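Let me begin by presenting the structure, written as structure tokens, before commenting on it.
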Amino acid sequence: MKLIKLVSKIKILELPIALNQADIRNDLKSCTPGEWAIFQLNQGVQNYIGFANPFAENKKILRLVKEVKSDVSEMEDEDVIKNILEEYMAEAFKKRDFYKGIIGVCCRMFYGDQDGLPGLIIDRYCNAIVLQINTAGIDRYEKIVSNYLKKYFNLPILYFENSFLRKIESLPSFLRSSEKLQFLEVNDNQVIIRIPIVDLQKAGFYFDHSYNRLKFLHLLRDLKLGDLQVLDLFCYAGAWGMGLLKHDCARYVHFVDQGDFDKTLIDTANLNSISKEKYEFKRMDVFEFFENNTDKYDVVICDPPAFAKDTNKIPQALEGYRKLFFQCLAHVKKNGFMVAASCTHGVSLEELSKLIGFEAIRANRTLAILDLGTQRIDHPISSLSGSAFYLKYICYHITN
Ligand SMILES: C[S@@+](CC[C@H](N)C(=O)[O-])C[C@H]1O[C@@H](n2cnc3c(N)ncnc32)[C@H](O)[C@@H]1O
């Protein structure tokens, strides 16, 4: 393994860490994308192992993942890398096992940096594992990862390529064979959902809000509410609304999404013994839906996609949220509920609540916040200040 010397002023307080060209003494020209190396600090007092990608567009050309003893070089390179990859996966899977009472079996099993390996995302479904690799250093050793997964789970592996993230690492995107899977099946709070492979978004299913869905269910049940007219906006495979139907909290759910989820919802309803009389699906743009709709609902669930992928688009994102939440607020009945979600990392919980508070004044609605939430613990975060904290959930009671 190559030895790369780091400049001595660097302080490494936590791992993994991403470094750039200014942090190294030699240059990386001789490194191939994804090459693993030993990184030396303070003349070898501290040694780290990690991988390099001189072509990373985001300038994060080094990823240090583990502190090692200097004698690591006595082992075969591939053995060292295999040990690290397997150790981190085993650790992450053990953590999910510990959390099983909260997260169940279907969940995110590995969450990139938060589980120690940048660019590695592993999701577990009832019938498959979905594997996403978004850094060159992991991509290069994909076989070690997939062999370990096959042995550990004994399930088919579906490779999901996030072309946006892979492009940043100059990695090609192509569909790899998915062992002829027709759908992914997920158990989300006892609701069985089947998503056809052709309709998959992100890595398949939005596990991140699962605990918020459960909390919302409990909240309605504790309030002894069960006969509600619900509007589920940006519904995707219908996880929010189908959960309310399955657990007898909703009388009727109106699902809206611009994607083609008709068949997914029919299959989900059938699998969960939900009558087709209890819901409808409108395939349309949510903003258009509001233009021609004056109905009011007991519950409006608004779980949109990220309105901004990077921070310079935040003003447009805020404008989008403003328009959207004004309409949502206007369509909730007196004494009804609004679920406001956001997965835009650059919009904080406080900003979101301020914006909704302002729109409530414009819409002449009075709000009480009943609950707050973030991503479920299979998307672990150690602090609210890093970029890993992206998901916000606010549950409102509209009292007038
Ligand atoms: C974050 S996901 C929603 C996740 C979903 N609520 C769940 O719990 O699984 C975003 C969804 O919004 C839909 N979408 C994005 N923009 C839209 C728009 N302007 N109108 C309607 N649907 C939209 C996408 O098709 C996608 O299904």
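The values are calculated or read from the model by the stated rules, or taken from the named source; none is laboratory data. Computed from a predicted structure; not experimentally measured. Reconstructed Cβ throughout: ideal geometry from the backbone, glycine too, with neighbour counts over all protein chains shown.
Here D378 fits the description: crowded, with 18+ Cβ neighbours inside 10 Å, among the charged types (D, E, K, R), away from the ligand (no atom under 14 Å from the Cβ) and farther than 18 Å from Y236 by Cα. Looking across the range 215-224 at every residue that is among the aliphatic types (A, V, I, L, M) and free of Cβ contacts under 8 Å to residues at least 60 places away in the same chain, the one that is surrounded by the most Cβ atoms within 10 Å (Cβ to Cβ) is identified as L217. Restricting G346, G320 to those that are part of a helix (DSSP H, G or I) and out of contact with any strand residue (DSSP E or B) (no Cβ under 9 Å at 6 or more places or on another chain) reduces the list to G320.
Checking D232, D199 one by one, the residue that is modelled with pLDDT under 95 and out of contact with any Leu (no Cβ under 6 Å at 6 or more places or on another chain) is D199 and no other. Within the span defined as the range 57-64, one or more residues are of a type outside the set (D, E), out of contact with any helix residue (DSSP H, G or I) (no Cβ under 9 Å at 6 or more places or on another chain) and not assigned by TED's automatic domain parsing to the domain that holds H209. Taken over the range 299-326, residues that are closer than 18 Å to I356 by Cα and away from the ligand (no atom under 12 Å from the Cβ) amount to 13. Out of the residues in the range 225-244 that are of a type in the set (A, V, I, L, M) and more than 14 Å from the ligand (Cβ to nearest atom), which is surrounded by the fewest Cβ atoms within 10 Å (Cβ to Cβ)? Looking at the filtered set, the residue picked out is L225.
Checked against the criterion of being under 18 Å from R108 (Cβ atoms), of a type in the set (A, V, I, L, M, F, W, C) and away from the ligand (no atom under 15 Å from the Cβ), the candidates L165, L200 yield just one match: L165.
Residue count for the range 90-127 satisfying the condition of being among the small types (G, A, S) and closer than 18 Å to Y152 by Cα: 3. Among the residues making up the range 208-262, those that are among the β-branched types (V, I, T) and within 13 Å of V299 (Cα to Cα) are V230, V253.
Could you tell me which residue of the range 255-273 is nearest to the ligand (Cβ to nearest atom), considering only residues that are over 12 Å from P196 (Cβ atoms) and either of a type in the set (D, E, K, R) or out of contact with any strand residue (DSSP E or B) (no Cβ under 9 Å at 6 or more places or on another chain) (or both)? This residue is D257.
Among the residues making up the range 79-134, those that are hydroxyl-bearing (S, T, Y) and either part of a helix (DSSP H, G or I) or over 16 Å from the mean Cα position of the chain (by Cα) (or both) are Y88, Y99. If you go through the range 205-214 one residue at a time, do you hit one that is under 23 Å from Q327 (Cα atoms), within 9 Å of the ligand (Cβ to nearest atom) and small (G, A, S)? No, the range 205-214 contains no residue that is under 23 Å from Q327 (Cα atoms), within 9 Å of the ligand (Cβ to nearest atom) and small (G, A, S).
Taking the range 232-307 as the region of interest, the strands (runs of 3 or more DSSP E) fully inside it that hold 3 or more residues being within 25 Å of K392 (Cα to Cα) and in contact (Cβ under 8 Å) with a residue 12 or more places away in the chain are 250-257, 297-302.
Going through (1) farther than 19 Å from N189 by Cα; (2) within 12 Å of the ligand (Cβ to nearest atom) one by one, K334 falls short only on (2).
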